[in-house]
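Visitor: To start, I am sharing the structure in question, which I have written as structure tokens.
The values are calculated or read from the model by the stated rules, or taken from the named source; none is laboratory data. It should be emphasised that the depicted structure is a prediction, and the values quoted were computed from it without experimental measurement. Note that each Cβ is placed from the backbone with ideal geometry, even for glycine, and that neighbours are counted across all protein chains shown. SASA here: full protein model, heavy atoms, side chains in, ligands and nucleic acids out. Shrake-Rupley method; radii C 1.70, N 1.55, O 1.52, S 1.80 Å.
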Amino acid sequence: MSDQPQQSLPPQQPPPRQVVEIESPEQHAALAHPLRQRLLFSLGHEPATTSQLATRLDTGKGNVAHHLKVLRTAGLVRVAETRKVRGGTEQYYQRVAERMGVAEPRTEGTAAMLGAVAQELGRSPQTTLSLRHVRLGPDKARELAETLARLVDETEEDEGEQPVHGVLVAMYEQVRPGEDPA
């Protein structure tokens, strides 16, 4: 009898999709909490158990389990694999997509994401944070947005056990006081 855990993959589990579009009210609600955002960040490169996530995020397992359930119900995470360990079953969770696109961001989800990023920045030994406002016509604004997206999308990751770096890119047009954003 081996001490190695037995691994069994759930049947017919495809690899994560490249991008999932956030559209349903359940998905938007799931994104409206900083810990759920941090769970999604943490699951960005490899599946993890509730215990592993609780340790990484310095919070309780019950708290992680609750928020994973919300994310799973919203279709944003799934069980990637299970392992039998000492008479029990460990579940390894994984994001359903490498990236999540939010075509129509909602204030509460954006606030939660920025709150989660702020928590991550506060824990990071190395950060770069820059905010600049520039005057651009529609063509230059579109070109800059496409360039930023391409830069992030085309960055090739190093092989092996390297540190994980978060990249947040946002570009938005400021609404002038008294203007209707619609």
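Visitor: Looking for whichever is surrounded by fewer than 15 Cβ atoms within 10 Å (Cβ to Cβ), within 21 Å of S42 (Cβ to Cβ) and in contact (Cβ under 8 Å) with a residue 40 or more places away in the chain here; the options are T73, T128, T82. Which one fits?
Guide: Numbers: T128 fails: in contact (Cβ under 8 Å) with a residue 40 or more places away in the chain; T82 fails: surrounded by fewer than 15 Cβ atoms within 10 Å (Cβ to Cβ).
The match here is T73.
Visitor: Could you tell me which residue of the stretch 17-39 is nearest to the chain's Cα centre (by Cα), considering only residues that are crowded, with 18+ Cβ neighbours inside 10 Å and of a type in the set (K, R)?
Guide: Checked the stretch 17-39; the qualifying residue nearest to the chain's Cα centre (by Cα) is R38.
Visitor: Still on this structure, I have one more. When you check G166 against the structure, is it part of a loop (DSSP other than H, G, I, E, B), within 19 Å of R38 (Cα to Cα) and open to solvent by less than 100 Å² (accessible area, probe 1.4 Å), yes or no? Steps first, please.
Guide: Details: part of a loop (DSSP other than H, G, I, E, B): yes; within 19 Å of R38 (Cα to Cα): yes; open to solvent by less than 100 Å² (accessible area, probe 1.4 Å): yes.
Criteria met by G166.
Visitor: Taking only pairs six or more apart or across chains, which ones have beta-carbon atoms under 6 Å, a first residue in the stretch 102-114 that is closer than 15 Å to R36 by Cβ, and a second residue that is surrounded by 15 or more Cβ atoms within 10 Å (Cβ to Cβ) and among the aliphatic types (A, V, I, L, M)?
Guide: V102/I22; E108/A32; G109/L31; G109/A32; A112/A32
Visitor: Based on what the data block shows, is L68 open to solvent by less than 50 Å² (accessible area, probe 1.4 Å), hydrophobic (A, V, I, L, M, F, W, C) and either at pLDDT below 95 or under 23 Å from S124 (Cβ atoms) (or both)? Working first, answer last.
Guide: Values: open to solvent by less than 50 Å² (accessible area, probe 1.4 Å): yes; hydrophobic (A, V, I, L, M, F, W, C): yes; either at pLDDT below 95 or under 23 Å from S124 (Cβ atoms) (or both): no.
Against the criterion (open to solvent by less than 50 Å² (accessible area, probe 1.4 Å), hydrophobic (A, V, I, L, M, F, W, C) and either at pLDDT below 95 or under 23 Å from S124 (Cβ atoms) (or both)), L68 does not qualify.
Visitor: Being touching a strand residue (DSSP E or B) at 6+ places or on another chain (Cβ under 7 Å) and modelled with pLDDT under 90 is the filter here; which residues of the stretch 9-44 pass it? Don't jump to the end; show me each part of the working.
Guide: Going through the stretch 9-44, the residues touching a strand residue (DSSP E or B) at 6+ places or on another chain (Cβ under 7 Å) turn out to be 9-10, 13, 16-22, 40, 42-44.
Once the filter is applied, which keeps residues that are touching a strand residue (DSSP E or B) at 6+ places or on another chain (Cβ under 7 Å) and modelled with pLDDT under 90, the stretch 9-44 yields L9, P10, Q13, P16, R17, Q18, V19, V20, E21, I22, G44.
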